[in-house]
1. Scan (1) in a strand (DSSP E or B); (2) farther than 27 Å from Trp233 by Cβ for the single condition Gly138 breaks and write down its number.
2. Within the stretch 243-258, does at least one residue satisfy the condition of being without any contact (Cβ under 8 Å) to a residue 12 or more places away in the chain and either assigned to a strand (DSSP E or B) or of a type outside the set (Gly, Ala, Ser) (or both)?
3. Name every residue in the stretch 53-71 that is of a type in the set (Lys, Arg) and either crowded, with 23+ Cβ neighbours inside 10 Å or out of contact with any strand residue (DSSP E or B) (no Cβ under 8 Å at 6 or more places or on another chain) (or both), in order of residue number.
4. Identify, please: which residue in the stretch 238-277 is of a type in the set (D, E, K, R) and within 18 Å of Asn220 (Cβ to Cβ) and is, among those, surrounded by the most Cβ atoms within 10 Å (Cβ to Cβ)?
5. When the residues of the stretch 208-237 are narrowed to those that are farther than 18 Å from Glu276 by Cα and of a type in the set (A, V, I, L, M, F, W, C), which ends up surrounded by the fewest Cβ atoms within 10 Å (Cβ to Cβ)?
Amino acid sequence: TYFSCRPKLLLIRRSHSIEISEITIANSAFWTVTVVESENILFDNVTILGDRRWPNNDGIDLINTRHVIIRNSNISTGDDSIAIVSHGPSSMFNITVENMDLQSTSAAIKVSAFDEDASGNMYNMTFRDIRITDSNRGICVAPRWGSGIISDILFEQMNIETRYFSLGWWGTAEPIYVTGLSMSANRHWTGKLTNIQFRNIVAQGEQGFMIRGNTSLLENISFENVSLTINRWSNVTEHPLYDYRPSEEPQLIDALVDGIFARYINGLSLENIFIEF
């Protein structure tokens, strides 16, 4: 399968009722902690230190796993700090991530579907009291391949700081990035993103928020009590870009600096929003 050939420092597979606490895990060659087809997993007071120079140096990857708590931990990695990804028919639900410090040269938090067999639904996820600093992307919800429904996700009480790194990394310093697109001409995402909430968030970055669907695949996206400050302090590109990688559409497009770019959404709610350039 997609993940089985990759070296991992710690692999939990088809297991249940496991606690990992008060440890430091460092210098993984690839994905650091991978949890596959498991349930009732607790991470508490864990430090993960990766090498921020190379891709696929993830922190914690949850694959078709349910009933997970990740809390009171610090993760600094090259690729996604926390990735919650569907690769098969099993549903993923009841996942809580709270009181975290995250740094990533890619996305600090990623939720995605990425396999032709990714038909399982993903729902009931809560991310709260999280500090994201020195990251390329903050929150990234980006299914690309599969057919499941991703719904009922809450992000709240978060501070996010993003900056450009280099064009080799997916993303252009978006604090919040929500897209539902097909990966390629023969790898389609036909599911739906619905009921995604962002609440009580303070963000600062070199680009604004990206919310982009494809026809009717995004619905009921809401922002409440959200502050965004856009400032430029790096010089990776001469002009802003919309970054849809990986996608069958043009992947890098010349862009303006938007506070919120929203397209192809059925139901977008904005309440008490502050944007400053």
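A short reminder: the numbers here are calculations on the coordinates, not readings from a lab. Note that the coordinates shown come from a computational prediction; the quantities given were computed from them, not determined experimentally. Using ideal geometry, Cβ is built from the backbone for each residue, glycine included, and neighbour counts are taken over all protein chains shown.
1. (2)
2. yes
3. Taking the stretch 53-71 and keeping what is of a type in the set (Lys, Arg), we get 53, 66, 71.
Residue satisfying the conditions is Arg53 alone.
4. Taking the candidates together, the pick is Arg263.
5. Step by step, filter the stretch 208-237, then rank; the result is Val236.
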